[in-house]
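One structure is given here, and the rest of the page talks about it.
Read the figures in this text as sums done on the coordinates, not as results from a lab. Note that the coordinates shown come from a computational prediction; the quantities given were computed from them, not determined experimentally. Every residue, glycine among them, receives a Cβ derived from its backbone with ideal geometry; neighbour counts consider all protein chains shown.
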Amino acid sequence: MQGKELSTNNLLDLEAAFCTVNEFGYDIYEQKTECEPAAVVIKHTNPCGVATGKTLEHALKRALDADRVSAFGGIVALNCNVDETTASEINSLFLECIVAPSFDKSALEILSKKQNLRVIQLKKESIPSTNQYDLKSILGGMVFQQKDNKPVLTDHWELATKHEPSKLQLDDLIFAWKIVRHVRSNAIVIAGSRQSLGIGAGQMNRIGSAKIALESAGEKANGAVLASDGFFPFDDTVKLASKHGINAIVQPGGSRRDPESIKACNELGISMLFTGSRHFLH
């Protein structure tokens, strides 16, 4: 709708942003369905801020506040109509692209003040709801696979510890699990009150991602939850999480050393859920 030509990186980041925000429903006003406004900030295909809110402006502000340093020059995806107040919040920071299902005319006038900002309208009916696939080139061939986009269902999740998460903790665990599948592996997400607080992405070992996520969250990690896209090969992530005040964890399970992580959680008063499925994004 405005702005410079889209680059390859812009397109890849826009897809990552849309797929992440779509976890919380998309195009909610046109569909007239009850859904929580959500905002996602993407940097180099990884989310650096994700949040829901009472209004879209509130959700966007919370997503930006999750990591405003990383958000600078990022891509933002919103799941419902952009109004004036949300547009003003968008203009508070340098951003590359905005994608949303629709925009008020007054919002577009505000966004037009930043001529290089790319504004993309992506309506729900333009997105295929089924038969979505990933296609990647490798030396001598192609990899063709279904997207990891199945709805998050907790019916088969297993409580692995003596301590059970509260309803609020479970809500945050589900929120974090939705985000972690959109983070490059190894991935760790710290979340609280439906806001990402720290994200560790693409490290060569899981404890390294955990350190980045927990240090990024800082004091906000105290009382928050942690999601991991893969199982814990050792109990070191549990012990590190405890030092930062994490009180609930969700992870796939399936390691031969699961009993060590379970024991550490029981000793440290942390509840831990096993999902039985993992999210590895490369």
| ILE199 in contact with a Ser or Thr (Cβ under 8 Å, 6 or more places away or on another chain), among the β-branched types (Val, Ile, Thr), surrounded by 21 or more Cβ atoms within 10 Å (Cβ to Cβ) and closer than 20 Å to GLU158 by Cβ | no
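Return the residues of the range 160-181 that are farther than 14 Å from PRO252 by Cβ and out of contact with any strand residue (DSSP E or B) (no Cβ under 6 Å at 6 or more places or on another chain); say none if nothing qualifies.
Quick first cut of the range 160-181, residues farther than 14 Å from PRO252 by Cβ only: 161-172, 174-175, 178-179.
The answer is LYS162, SER166, LYS167, LEU168, LEU170, ASP171, ILE174, LYS178.
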| Among (1) more than 23 Å from GLY198 (Cβ to Cβ); (2) assigned to a helix (DSSP H, G or I); (3) out of contact with any Cys (no Cβ under 9 Å at 6 or more places or on another chain) - the single one ASN10 does not satisfy | (3)
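Within the range 213-224, how many residues are assigned to a helix (DSSP H, G or I) and under 15 Å from ALA176 (Cβ atoms)? Reasoning before the result, please.
The initial filter retains those residues of the range 213-224 that are assigned to a helix (DSSP H, G or I), namely 213-221.
Right, trim to under 15 Å from ALA176 (Cβ atoms) and you get 213-214, 216-217, 220-221.
Residues meeting the conditions: 6.
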| note | Across the range 236-281, the tally of residues that are out of contact with any Lys or Arg (no Cβ under 7 Å at 6 or more places or on another chain) and part of a loop (DSSP other than H, G, I, E, B) stands at 16
| Out of ALA176, ALA248, which single residue is crowded, with 24+ Cβ neighbours inside 10 Å, touching a residue at least 12 places away in the same chain (Cβ under 8 Å), among the hydrophobic types (A, V, I, L, M, F, W, C) and touching a helix residue (DSSP H, G or I) at 6+ places or on another chain (Cβ under 6 Å)? | ALA248
| field | Residues satisfying the stated conditions in the range 229-272, i.e. over 15 Å from GLU158 (Cβ atoms) and among the small types (Gly, Ala, Ser) | value | GLY230, ALA241, SER242, GLY245, ALA264, GLY269
| message | For the structure I just gave you, tell me whether ALA224 is among the aliphatic types (A, V, I, L, M), under 15 Å from SER271 (Cα atoms), buried (at least 24 other Cβ atoms within 10 Å of the Cβ) and within 17 Å of the chain's Cα centre (by Cα). | response | yes
| Within the set of pairs 6 or more residues apart or between chains, which connect a residue that is among the acidic types (Asp, Glu) inside the range 36-52 to a residue that is surrounded by 24 or more Cβ atoms within 10 Å (Cβ to Cβ) with Cβ atoms less than 9 Å apart? | GLU36/ALA59; GLU36/ASN79
| task | Of the conditions (1) assigned to a loop (DSSP other than H, G, I, E, B); (2) within 21 Å of SER185 (Cα to Cα), ALA227 clears all except one; give me its number. | result | (1)
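Scan the range 64-123 for residues that are aliphatic (A, V, I, L, M) and assigned to a strand (DSSP E or B) and jot them down.
Initial filter on the range 64-123 (aliphatic (A, V, I, L, M)): 64, 66, 69, 71, 75-78, 82, 87, 90, 93, 95, 98-100, 107-108, 110-111, 117, 119-120, 122.
ILE75, VAL76, ALA77, LEU78, VAL82, LEU95, ILE98, VAL99, ALA100, VAL119, ILE120, listed by residue number.
Do you know which residues across the range 145-163 are charged (D, E, K, R) and touching a helix residue (DSSP H, G or I) at 6+ places or on another chain (Cβ under 9 Å)? So that I can check it myself, show each step before the final result.
In the first step, residues of the range 145-163 are kept if they are charged (D, E, K, R); the result is 147-148, 150, 155, 158, 162.
Across the range 145-163, the qualifying residues are LYS147, LYS162.
Every residue, every condition in (1) under 23 Å from GLY3 (Cα atoms); (2) surrounded by 24 or more Cβ atoms within 10 Å (Cβ to Cβ), yes or no:
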position	(1), (2)
ASN46	yes, no
HIS58	no, no
GLY73	yes, no
VAL76	yes, yes
VAL82	yes, yes
ALA100	yes, yes
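What residue, of LYS113, LYS136, LYS105, LYS124, is closer than 18 Å to TYR26 by Cα and out of contact with any Gly (no Cβ under 9 Å at 6 or more places or on another chain)?
LYS124
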